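Asks: My questions all concern the structure below.
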Amino acid sequence: MGFVALDGVGKVFRGRTGAWEAVRDFTLSLDEGEFFCLLGTSGCGKTTVLNMLAGFEAPTSGRIMLDGRPVSGPGADRGVVFQGHDSLYDWLTALDNIAFGLRLRGTPKAERRATAERFLKMVGLAGQGAKHPSELSGGMKQRIQIARALANDPRILLMDEPFGALDAMTRAVLQGELSRIWAETRKTVLFITHDLEEAVALATRIGVMKRGPGGTLKAVVPVDLPFPRDRTSDGFMRVFREVHALIHEEIHGAH
Amino acid sequence: MLTSRAATIAGYVAGFALLFLVWHLASVFLVRSVLFPSPWPVFERAWVLIEDSILQEQILASMRRILQGFLLGSLIGIPIGLAIGSFRPVRLLLEPWTEFFRFIPAVAMITVAVIWFGIGEESKVFLIAYTTVFVVIISTAAGVGAVGRDKIRAAQSMGASQLQIFALVALPATVPYILTGMRVAMANAFVTIVAAELVASNDGLGKMLWDARLFMQIEDIFVALISLGLLGFATDRVFRLLIRAFAGRFNPTM
């Protein structure tokens, strides 16, 4: 069994307008240290998968295990980077945001500060620690989110379309930075995206989801390309075409 | 920064100067009655009242009541608002209270306040606290409800306990709402204190208004009115500065 195991996981939301099956029979196993991109069209249930692994939502069927232990509720072993920067604490400085998890655990102030400074530097924002989130750009805020999650030293990093709201240039820069950070830390990453190129640029494996409702895993494509990825190389194009063929029919069936 | 502050102050000065000019023109050319004095006799009268320490006494009496009642009301309102915003059963139980009492204005409560507490300090402090508490409760509860879901989820996935989420996320995120509620409540407090002192008091700006009417001291009435306006203006500025200091930096919309 893998480091992370989702076994026949399903999620049905019940509301006033009736039941909605977001995810059906989702099975996936992740190895420690891999960068797994979950790719799918909007409404395919990929964010629901992440929310269940994070412990924000309970699955209605199946089970989720992390390193042999069942997941029940959120915990510090699973760091989350959200799509919006709404999750940052506006009243704290960038540095205090990064140190938040350490503060929760009662880490001494000096140590907390040193760790936060280290991760601030890792995400390329050395010297910007005294600023508040409102003084930072969208890309900088996502860097702070990444640093905040990493500073807490989770077993796995869950990223929910973290660059979805950024402009194309900033997104490409941050993808490069994330790839470098992952190579440095070798954290296990589950990265949700609907951006095909982003998935091929970052992942060691790509999981393509069927469209919703009742989204499930359609295929898993290994990406055996060296880092840093050259987006114009033949290998990149080959994987791109392969994944594109898989997602193509989901896109054109969805609307 | 300095120039914009200078511009603000210049705007205040010019705005007030214009107000007094309009007042002067209205009294001299439009109304022309002893019942509507022009600014100068009013300022002269104010100076006399200040020299005799009478105006200061009235202002102090009113402001002391406002501050006492306001602080009492806020101290009661903030925890109740936090509880209503945080716990659904508390909200279901107490929301009828707030929705009921906020439609009974403090002015209407003057009668029972005087019957219960007499015309001493207690009745006024009670009325100010009453008028403060519901505004603060409602805006505090709304603030707790408006804390972003991802802020709480982020804390959970960093290992925060329920208590830590409350103290380190929900509470600081609510501070701007609490301060805004207190600012609105302060404006209500001014309305209430004058009404209460008009009806039942031995001193304060409301009593000053009432006495001046009895003895037809028209200038005294205007001195009291201007004092109220200036005091309210100054208090509201202080609140705006507080909100900026605590919240403006992270919430540019306020």
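We did not get these values from a lab; they are worked out from the coordinates using the rules stated. It should be emphasised that the depicted structure is a prediction, and the values quoted were computed from it without experimental measurement. Virtual Cβ from ideal backbone geometry, glycine too; neighbours counted across all protein chains shown.
Asks: Under a GNM of chain A (C-alpha, springs under 10 Å), which listed residue has the highest mean-square fluctuation: A:R205, A:R103, A:R69?
Replies: The residue with the greatest mean-square fluctuation here is A:R69.
Asks: Now for a different question. Percent relative contact order of chain A, based on C-alpha pairs within less than 8 angstrom and at least six residues apart?
Replies: With pairs under 8 Å counted, the relative contact order is 26 percent.
Asks: Here's something else I'd like to know. What FRET efficiency would be calculated for the residue pair A:E242, B:L163, taking the C-beta separation as r and a Förster radius of 51 Å, to the nearest 0.05?
Replies: 0.55
Asks: So the label point goes 7 Å from the Cα of A:F13 along Cα→C-beta, right? Which residues of region A:78-107 then have their backbone N under 18 Å from it?
Replies: A:82-84
Asks: Relative to the longest principal axis of chain A, what angle (0 to 90°, nearest 10) does the C-alpha long axis of helix A:234-254 take?
Replies: That works out to roughly 60 degrees.
Asks: Continuing with the same structure: May I ask you to derive the relative contact order of chain B, considering only C-alpha pairs under 8 Å and at least 6 residues apart, and to give it as an integer percent? Please report the intermediate quantities before stating the final value.
Replies: Working: 264 pairs, mean separation 57.0, N = 254.
It comes to 22 percent, rounded to a whole number.
Asks: Still on this structure, please answer the following. From the helices alone, meaning DSSP H stretches of at least four residues, give me the mean residue ellipticity at 222 nm for chain A, per-run term -39500 (n - 2.57), in deg cm²/dmol to the nearest 500.
Replies: Dividing the helical sum by the residues of chain A leaves -11000 deg cm²/dmol.
Asks: Moving on to the next point. Can you pick out the pairs among A:K121/B:K151; A:K11/A:K121; A:K109/A:K187 whose Cα atoms lie more than 31 Å from each other?
Replies: With Cα atoms farther than 31 Å apart: A:K11/A:K121.
Asks: If you place +1 on the Cβ of every Lys and Arg, -1 on the Cβ of every Asp and Glu, and leave all else neutral, what size is the dipole of region A:62-197 about its Cα centre, to the nearest 20 Debye?
Replies: That gives a dipole near 580 debye.
Asks: Further, regarding this structure: I want to check the label-to-label distance for A:V173 and A:S61. Put each point 7 Å from Cα in the C-beta direction and report it in nm to one decimal.
Replies: Placing both labels 7 Å along Cα→Cβ, they lie 4.7 nm apart.
Asks: For A:K141, which aspartates and glutamates qualify as cross-link partners when the Cα separation must be under 17 Å and same-chain residues fewer than eight apart are set aside?
Replies: The qualifying aspartates and glutamates are A:D86, A:D90, A:D96, A:E117, A:D160, A:E161, A:D167, A:E177, B:D150.
Asks: Each residue of region A:42-49 in turn: what ³J(HN,Hα) in whole Hz from Karplus with 6.51, -1.76, 1.60 and θ = phi - 60°, glycine and Pro shown as x?
Replies: Result, rounded to whole Hz: 5, x, 8, x, 5, 5, 4, 4.
Asks: Label-point separation (nm) for A:D234 and A:E32, each offset 7 Å from Cα along Cα-to-Cβ?
Replies: 3.8
Asks: Next question. Just name one of B:V48, B:P89, A:G139: the one whose Cα is farthest towards the positive end of the charge dipole of the protein assembly as shown (beta-carbon charges, Lys/Arg +1, Asp/Glu -1).
Replies: Among B:V48, B:P89, A:G139, the one farthest towards the positive end of the dipole of the protein assembly as shown is A:G139.
Asks: To the nearest 0.05, how large is the calculated FRET efficiency for B:W116 and A:E249 if R₀ is 51 Å and r is the Cβ-Cβ distance?
Replies: For B:W116 and A:E249, the calculated efficiency is 0.10.
Asks: On to the next question. What is the spin-label model distance, in nm, from B:I104 to B:F29 if the labels are put 7 Å beyond Cα along the C-beta direction?
Replies: It works out to 5.1 nm between the two label points.
Asks: Let me ask another. Determine ³J(HN,Hα), in whole Hz, for all residues of region A:174-179 in sequence, where each value follows from phi through the Karplus function 6.51 cos²θ - 1.76 cosθ + 1.60 and θ = phi - 60°; x replaces Gly and Pro.
Replies: Once rounded to whole Hz, the list reads 5, 4, x, 5, 5, 4.
Asks: Helix by helix, which DSSP H runs in chain B go 30 Å or more along their axis at the Cα atoms and have an average Kyte-Doolittle hydropathy of -1.0 or more?
Replies: Result, helices passing both filters: B:2-25, B:54-86, B:121-145, B:171-199, B:218-243.
Asks: OK, next. What FRET efficiency do you get for B:L60 and B:R244 if R0 is 30 Å and r is their Cβ-Cβ distance, rounded to the nearest 0.05?
Replies: Efficiency computed from Cβ-Cβ geometry: 0.60.
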